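Peer 1: Can you read through this structure? Questions will come right after.
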Amino acid sequence: VNFDMYRQIAEVIGIPVVYVAEAATFYTFFPKRPVGRFHIKVCDNLSCALRGARDMVRYLGEVHGIRPGEVTPDGLFSLVTEECLAACCGAPMLQLNDRYYEEMTPDQLDGLIASCRAEAHADSEAQTHA
């Protein structure tokens, strides 16, 4: 945890540093360490767990090399589990950056990962030719 950053934020907005630290450590949308370009959050609450979220996390690790709490060596993906992403009716679900994907299956995961890799490759090619 970068407390210097918390102090700087507190100074800029004029509040005690403890308020910044409380908010940053409570809310998971403030990453505490670097994340991949494609940050995956898998809901691990009861509804999602019962409908396969843990299998989805295991699948991401075994098939795609994306493990909870890590960033892939290429820097493209990171994975965390979340207590609740508020989409119980669409379990199992995950959030990829700012988008929700409900009723995920291994085939859908494969397609999503492939799309992300293709996007990263296209961006890399565009930068190479720019």
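The values are calculated or read from the model by the stated rules, or taken from the named source; none is laboratory data. Here the structure is a predicted model, which means the values were calculated and not measured. Positions of Cβ are generated from backbone atoms using ideal geometry, with glycine treated the same way; all protein chains shown enter the neighbour counts. Side chains are part of the model used for accessible areas, which takes the heavy atoms of the whole protein and leaves out ligands, DNA and RNA. Shrake-Rupley method; radii C 1.70, N 1.55, O 1.52, S 1.80 Å.
One line per residue, one yes/no per condition, for (1) closer than 29 Å to TYR6 by Cβ; (2) under 13 Å from the mean Cα position of the chain (by Cα); (3) of a type in the set (A, V, I, L, M, F, W, C):
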{"residue": "LEU46", "(1), (2), (3)": "no, no, yes"}
{"residue": "MET56", "(1), (2), (3)": "no, no, yes"}
{"residue": "PRO73", "(1), (2), (3)": "no, no, no"}
{"residue": "PRO92", "(1), (2), (3)": "no, no, no"}
{"residue": "ASN97", "(1), (2), (3)": "yes, yes, no"}
{"residue": "GLN108", "(1), (2), (3)": "no, no, no"}
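Peer 1: Determine the pairs where a residue that is under 22 Å from PRO34 (Cα atoms), located within segment 1-20, has a partner that is surrounded by fewer than 11 Cβ atoms within 10 Å (Cβ to Cβ) with Cβ atoms under 6 Å apart, the partner being 6 or more residues away or on another chain.
Peer 2: VAL1/LYS32
Peer 1: Right, here's the next one. In this structure, is GLU83 out of contact with any strand residue (DSSP E or B) (no Cβ under 6 Å at 6 or more places or on another chain), farther than 20 Å from PHE29 by Cβ and not small (Gly, Ala, Ser)?
Peer 2: no
Peer 1: Quick one: how many residues across segment 29-62 are open to solvent by less than 30 Å² (accessible area, probe 1.4 Å) and out of contact with any strand residue (DSSP E or B) (no Cβ under 8 Å at 6 or more places or on another chain)?
Peer 2: Count: 2.
Peer 1: Taking only pairs six or more apart or across chains, which ones have beta-carbon atoms under 9 Å, a first residue in segment 92-113 that is under 20 Å from SER47 (Cα atoms) and open to solvent by 20 Å² or more (accessible area, probe 1.4 Å), and a second residue that is in a loop (DSSP other than H, G, I, E, B) and among the charged types (D, E, K, R)?
Peer 2: GLU103/ARG51
Peer 1: Which one is nearest to HIS121 (Cα to Cα), of the residues in segment 63-91 that are open to solvent by less than 10 Å² (accessible area, probe 1.4 Å) and outside any loop (DSSP other than H, G, I, E, B)?
Peer 2: Filtering first and then ranking leaves PHE77.
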